[in-house]
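Trainee: Shown below is the structure under consideration.
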Amino acid sequence: MIRANDNYNKLKASYLFSDIAKKVDEYQQKNPGAQIIRLGIGDVTRALVPAVIKGFHQGVDEMANDATFRGYGPEQGYDFLRQTIAKNDFQDRGADISADEIFVSDGAKCDTGNFQELFATDIKLAIPDPVYPVYLDTNVMAGRTGEFEDGRYNGIVYMDCLKENNFLPRLPDESVDLIYLCFPNNPTGSTATKAELKVWVDYAKENKALILFDAAYEAFIREEPLPRSIYEIEGAKEVAVEFRSFSKTAGFTGTRCGFTVVPKECMVFNSKGEKIFLHAMWNRRHTTKFNGVSYPVQKAAQAVYSEEGKVQVKQQIDDYMNNADIIRKTVASLGFDYVGGKNSPYIWVDGKDRDSWDFFDLLLTKAGVVCTPGAGFGKCGRQYIRISAFNSLENVILAMDKLKEALTGRSSAK
Ligand SMILES: *Cc1c(COP(=O)(O)O)cnc(C)c1O
């Protein structure tokens, strides 16, 4: 008899985005003329920049010619891209990462989801709450949790990220083996300083633990002393793996490219307590289960780092961050507490005594603005909403005007 993986039964079905879509549809049907502005789903809205399109086209043109055609490439990515990444994202910022420590992939969702395969089933893991759901759900599928009870899976050490601790996870009281961190954070938009990350690196060293560091939003960091990579912290190479993505950095959500950094020093331990180097393990996994990112996409990704590419991508992110400024100022002027929006495209707004779905309904029905209810990211999100800066300036201005009007009865439109 073919038997199912029972762990899938433990998964709490995620209806978040379908529930949102349902509510938006209902509202639209009842109010056919109403304009709806979507500041909900974390997807970019702007086209790929011209430099990236040029690189992409060059790659496609090479595929059209026998002399330059490429078949299977190296699973880990072409050397031209790995070298470019190592130099620009790491070496130029003082982090000693080499090209062969970079594994190019089709995105950070797959990598953050797949990486847990390398670890034993009975390890103890610490996950922030609220959180990007992929870290948790992939560990549930792998059987590292008990049942879902009272809003949480048994067997997981949840790190509550609340106002009291500046939306930063605190070191767990019990010893854990695997720690997920994400900065700048999705959904809260919070960031961690070098000193704050150092605490985690030291903890991991002392406890022979490993940090999985998701830096998908590093390009949104505007305050210069903030670290963009965990490898800017001394000693991190032994205890941390870093995930990056071109999705939010350069609008690649539909193009698909990211990478994972596994330093050669980074280690785990076998059941005898002997050191095992993760680089060899991930290399084995990646080359066995993945056949590389398409050549034109890797050419497009390389173009992100060209002189013109850097300028154009920065302009695009500056535009999104200008939206974030407008959102932050509006929610502050309406008397809400918030975090994020300074080094991240997300603004995490405190509804105080409001439940996040009530807050969502209020914004939708009074202002026609779609946000994401914080409850979708974990128990600690139950009184928050996430507003995203991924939209056009015009739409963000309009959404904020409608929000002001809905909540104060005054319009700022001239
Ligand atoms: C968007 C996002 C990613 C990137 O996903 P891709 O698969 O590269 O598109 C990774 N982590 C977080 C927290 C994200 O929000």
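Trainee: Counting only protein heavy atoms and using a 1.4 Å probe, what share of the accessible area of the chain belongs to carbon plus sulfur, as a whole percent?
Mentor: The C+S portion of the solvent-accessible surface of the chain is 50 percent.
Trainee: Run the Debye formula on the Cα coordinates of the range 8-161, all scatterers equal and no solvent, and tell me log10 I(q)/I(0) at q = 0.12, 0.13, 0.16 1/Å.
Mentor: With no solvent term, the Cα-only Debye profile gives -0.90, -0.99, -1.12.
Trainee: Per-residue ellipticity at 222 nm for the chain, helices alone: DSSP H runs ≥ 4 residues times -39500 (n - 2.57), over residue total, nearest 500 deg cm²/dmol?
Mentor: Calculated from helices alone, the mean residue ellipticity at 222 nm is -11500 deg cm²/dmol.
Trainee: Ranking request for peptides 16-29, 224-237: highest mean number of other beta-carbon atoms within 10 Å first, then the rest in descending order.
Mentor: Packing order, densest peptide first, comes out as 224-237, 16-29.
Trainee: By average Cβ neighbour count within 10 Å, what is the ranking of 4-13, 182-191 from highest down?
Mentor: Ranking the peptides 4-13, 182-191 by packing returns 182-191, 4-13.
Trainee: With an 8 Å cut-off on Cα pairs and a minimum separation of 6 or more residues, tell me the relative contact order of the chain in percent.
Mentor: 22 percent
Trainee: Let me ask something else. How high is the relative contact order of the range 285-370, in percent, with contacts defined as C-alpha pairs under 8 Å that are six or more residues apart?
Mentor: Averaging sequence separation for qualifying contacts and normalising by length gives 15 percent for the range 285-370.
Trainee: Would you please give the residues with an amide H less than 5 Å from that of Arg382, counting only those at least 5 places away or on a separate chain, with H modeled from the backbone geometry?
Mentor: none
Trainee: Restricting everything to alpha-carbon atoms, can you work out Rg to Rh for the range 52-306 with a Kirkwood hydrodynamic radius?
Mentor: My calculation of the ratio gives 0.97.
Trainee: So for each of 265-271, 295-301 I average, over its residues, the number of other beta carbons within 10 Å; can you give me the resulting order with the highest mean first?
Mentor: Ranking the peptides 265-271, 295-301 by packing returns 295-301, 265-271.
Trainee: Same structure, new question: Apply 1/(1 + (r/R0)^6) to the Cβ-Cβ distance of Arg410 and Thr365, taking R0 = 25 Å, and write down the FRET efficiency to the nearest 0.05.
Mentor: 0.85
Trainee: When ligands, DNA and RNA are left out and all protein chains stay put, how many square angstrom of accessible area per residue does the range 16-173 have with a 1.4 Å probe?
Mentor: 50 Å²
Trainee: Same structure again: Would you mind working out the accessible area per residue for the range 250-385, using a 1.4 Å probe, and quoting it in Å²?
Mentor: 39 Å²
The values are calculated or read from the model by the stated rules, or taken from the named source; none is laboratory data. All figures in this text were calculated on a predicted structure; none of them were measured in a lab. Please note: Cβ atoms are built from the backbone with ideal geometry, for glycine as well, and neighbour counts cover all protein chains shown. Heads up: the accessible areas ignore ligands, DNA and RNA and are worked out on the full protein's heavy atoms, side chains in. Shrake-Rupley method; radii C 1.70, N 1.55, O 1.52, S 1.80 Å.
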